[in-house]
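One structure is given below, encoded as structure tokens.
The values are calculated or read from the model by the stated rules, or taken from the named source; none is laboratory data. Because the structure is predicted, anything quoted here is derived from the model rather than measured. Methodologically, a virtual Cβ is constructed for each residue, glycine included, from the backbone with ideal geometry; neighbour enumeration extends over all protein chains shown.
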């Protein structure tokens, strides 16, 4: 099964040189599920010909806001709607979670209570899970037809299910402890308040449920909903 990965951002150069770009991180996360991959750097204006270019789709995280004025955002939103209409499964992570909600009629905003960073607890589909977060923006209005299936007290719309067609989550199952540590060092200071970063560093080696979420994503992409 071929998965098309839509890159909506790139890892910082110093991280990419060691760990690869975001598409590589998702390939590692989903290793063992029998997928092949094609990547499209939509952030650079590179788009697939249409939904039929892959059997399923995955939209990555990004440093950009879904509400920002970038030339690649309107065609990405249209592509999301085209995939939904076509019926092929799609998964969105962080920015992917947000841009899908926006494309489908929801609203994304910079959250007035600030950032969520590092290992964070959620209830997703009735299960307690810990995943790494890195976001200030949130989905503040859920699109019609989407069901909230994940949340915590800080992020009420942390996972959304659009029938059997789209599954999205706000946290980052592809973020390893090494990645979080490097991201804090290379991008976090001066952007995110130091107490949040210090707390994230203190928990960086604590276990996460990345593999459980990876298996859920893979099952969804295979229609195992």
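Checking the range 44-53 against the condition returns no match, with no residue being out of contact with any helix residue (DSSP H, G or I) (no Cβ under 6 Å at 6 or more places or on another chain) and surrounded by 20 or more Cβ atoms within 10 Å (Cβ to Cβ). Taken over the range 189-208, the residue count meeting the criterion of being touching a residue at least 24 places away in the same chain (Cβ under 8 Å), in a loop (DSSP other than H, G, I, E, B) and within 15 Å of residue 133 (Cβ to Cβ) is 5. Applying the criterion of being farther than 19 Å from residue 29 by Cβ and touching a helix residue (DSSP H, G or I) at 6+ places or on another chain (Cβ under 6 Å) to the residues of the range 151-189, the residue that is modelled with the lowest pLDDT is 186.
Does residue 5 count as within 15 Å of residue 178 (Cβ to Cβ), outside any loop (DSSP other than H, G, I, E, B) and either touching a residue at least 40 places away in the same chain (Cβ under 8 Å) or in contact with a helix residue (DSSP H, G or I) (Cβ under 8 Å, 6 or more places away or on another chain) (or both)? No: the conditions fail for residue 5. Selection of the range 80-97 for residues being under 17 Å from the mean Cα position of the chain (by Cα) and in a loop (DSSP other than H, G, I, E, B) yields 89, 94. Provide a single number: the residues in the range 91-105 that are closer than 20 Å to residue 175 by Cβ and either in contact with a helix residue (DSSP H, G or I) (Cβ under 6 Å, 6 or more places away or on another chain) or modelled with pLDDT under 95 (or both). Of the residues in the range 91-105, 3 are closer than 20 Å to residue 175 by Cβ and either in contact with a helix residue (DSSP H, G or I) (Cβ under 6 Å, 6 or more places away or on another chain) or modelled with pLDDT under 95 (or both).
A quick yes/no check of all residues on (1) in contact with a strand residue (DSSP E or B) (Cβ under 7 Å, 6 or more places away or on another chain); (2) crowded, with 23+ Cβ neighbours inside 10 Å; (3) assigned to a loop (DSSP other than H, G, I, E, B):
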| site | (1), (2), (3) |
| --- | --- |
| 78 | no, no, no |
| 99 | yes, yes, no |
| 123 | yes, no, no |
| 131 | yes, yes, no |
| 134 | yes, yes, no |
| 143 | no, no, yes |
| 150 | yes, yes, no |
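Based on what the data block shows, is residue 139 in contact (Cβ under 8 Å) with a residue 24 or more places away in the chain, under 16 Å from the mean Cα position of the chain (by Cα) and under 16 Å from residue 65 (Cβ atoms)? Here the answer is yes, as residue 139 does meet what is asked. The residues of the range 81-94 that are in contact with a strand residue (DSSP E or B) (Cβ under 7 Å, 6 or more places away or on another chain) and within 16 Å of residue 4 (Cβ to Cβ), listed by number, are 83, 84, 88, 89, 90, 91, 92, 93. Entry remark, the range 209-225: residues being under 19 Å from residue 25 (Cβ atoms) and either outside any loop (DSSP other than H, G, I, E, B) or in contact with a helix residue (DSSP H, G or I) (Cβ under 8 Å, 6 or more places away or on another chain) (or both) number 11 in total.
Return a yes/no flag: does the range 106-118 have any residue that is touching a helix residue (DSSP H, G or I) at 6+ places or on another chain (Cβ under 9 Å), modelled with pLDDT of 95 or more, part of a strand (DSSP E or B) and surrounded by fewer than 19 Cβ atoms within 10 Å (Cβ to Cβ). There is at least one residue in the range 106-118 that is touching a helix residue (DSSP H, G or I) at 6+ places or on another chain (Cβ under 9 Å), modelled with pLDDT of 95 or more, part of a strand (DSSP E or B) and surrounded by fewer than 19 Cβ atoms within 10 Å (Cβ to Cβ).
Got at least one residue in the range 9-17 being surrounded by 21 or more Cβ atoms within 10 Å (Cβ to Cβ) and closer than 16 Å to residue 172 by Cα?
The initial filter retains those residues of the range 9-17 that are surrounded by 21 or more Cβ atoms within 10 Å (Cβ to Cβ), namely 11.
Still in the list and also closer than 16 Å to residue 172 by Cα: 11.
Checking the range 9-17: at least one residue is surrounded by 21 or more Cβ atoms within 10 Å (Cβ to Cβ) and closer than 16 Å to residue 172 by Cα.
Against the test of being more than 19 Å from residue 104 (Cα to Cα) and at pLDDT 95 or above, the options 22, 67 yield a single qualifying residue, 22.
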